[in-house]
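This report concerns only the one structure given below.
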Amino acid sequence: MTMRSRRLRRLLAAYGADPGRWPAAEVAPAQARLEISPEAQARQREAQALDARLDRAPAPVLDPALLERVVSQAAGTEQEAARRHLPWRLVRARPAWPQLAALGAAAALGLIVGWSALLPMPAEVPPPDVVALTLLDGLE
Amino acid sequence: MTALTLPPATTAVPCDALGLAWLGRLLPRALPRDEVAWDRAVSEPAAAVAETLDARSDERLVALVALGQHDAFRVLGARHLPRVQRIAWRMLGDHGQAEEVAQEALLRVWTHASRFDARRGARFSTWLHRIVLNLCHDRLRRRRHWLGLGAAAEVADPAPHPLARLAAAQESERVGAALAALPARQRTAVVLAYYERLSNAEAAAAMGIGVMALEALLVRARRRLRRILATEEEQ
């Protein structure tokens, strides 16, 4: 598969002269195009000159002790891990509170209904007119 | 080599173990993360448990970090901290601030590891680089100027002769100043793709843009750098 010179120019302009920085899938076709194109070779030399200058940029000084500091700081936030424990997470579970409230209400209702079924039924009271007739019968 | 130690049983008690599976279903937002991490961490064959942490992928280590595993966090930090420090330093140009950003980024990994979900095909490094870049851009927005690559910097290739060394230091300073003159997004693209040699897909993902947009930023950045450096040479 051959690469258009325009694409190769774009690669050199974006990623520089080093094929190690080019997109992996385009390295082989780009190098094939480079071999046959003096114009592309000239552009690669230009890109190389800029790369050489960029490589002279200051390099950061890394502090090897930083990792230990970060790890001990993380250990200091152990309470964060404690929050992962079940009870705390239940408290934090704000989105679930409505469901829990509904569950509680349903349980309470069930208890009330069940409890009332266990209570002794009141003795049957005859209607007042029957009571009156019985009394009248007694008087007679 | 760090040996794997399983987390204490109290770190994340799966609801099923307590006979509270119904509660787990009832509280879907409260309980899933650590259980997912737990499943990922322990669903390997027994032989794999003996595997060292060093050999584990970033994504497996993050699952262990979500369970509060310090050893996994240390391995992950050792793997990524140097790059995180370099990116922050090249973005901010200040050693102290770069260290603060690197520290903050890793602590966010520690506290928010359970938010990372590798099952969606996400890469840990992309997630971490985004955290670092966001922290850097926040600081850049606040101060609105770049401090320049100053005292903490080392000249890339110090020459032995004092005069040559001075010339190298001046050249280094010029290149640092040219990088500092780039707009933040162009500088980010150069830092990730050129200096850190991330693939174009990784760099684009870390910046939250497409590959073509990344290439456009790189082309503009290199054109600008060439112009700045050429102008300085003329002067």
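Per the listing A:Arg9, A:Arg53, the residue uniquely within 12 Å of chain B (Cβ to nearest Cβ), more than 30 Å from B:Ala105 (Cα to Cα), crowded, with 16+ Cβ neighbours inside 10 Å and free of Cβ contacts under 8 Å to residues at least 12 places away in the same chain is A:Arg53. Residues that are within 14 Å of A:Val70 (Cβ to Cβ) and surrounded by fewer than 19 Cβ atoms within 10 Å (Cβ to Cβ) within the range B:58-69 are absent altogether. On inspection, B:Arg227 does not qualify as surrounded by fewer than 16 Cβ atoms within 10 Å (Cβ to Cβ), closer than 16 Å to A:Arg10 by Cβ and of a type in the set (Lys, Arg). State the number of residues belonging to the range B:54-85 that are without any contact (Cβ under 8 Å) to a residue 12 or more places away in the chain and aliphatic (A, V, I, L, M). So the answer is 2. Looking across A:Ala117, A:Ala75, one residue alone is at pLDDT 80 or above and of a type in the set (A, V, I, L, M). It is A:Ala75. From the residues in the range B:185-208 that are surrounded by fewer than 17 Cβ atoms within 10 Å (Cβ to Cβ) and touching a residue at least 60 places away in the same chain (Cβ under 8 Å), which one is farthest from the chain's Cα centre (by Cα)? That would be B:Gly208.
Looking across the range A:1-47, just one residue is of a type in the set (Phe, Trp, Tyr) and in a helix (DSSP H, G or I), and that is A:Tyr15. B:Gln170 meets the stated requirement of being without any contact (Cβ under 8 Å) to a residue 40 or more places away in the chain, farther than 18 Å from B:Cys136 by Cα, more than 8 Å from chain A (Cβ to nearest Cβ) and surrounded by fewer than 22 Cβ atoms within 10 Å (Cβ to Cβ).
The values are calculated or read from the model by the stated rules, or taken from the named source; none is laboratory data. All figures in this text were calculated on a predicted structure; none of them were measured in a lab. Don't worry about glycine lacking a Cβ; one is built from the backbone with ideal geometry, like all the others, and counts go over all protein chains shown.
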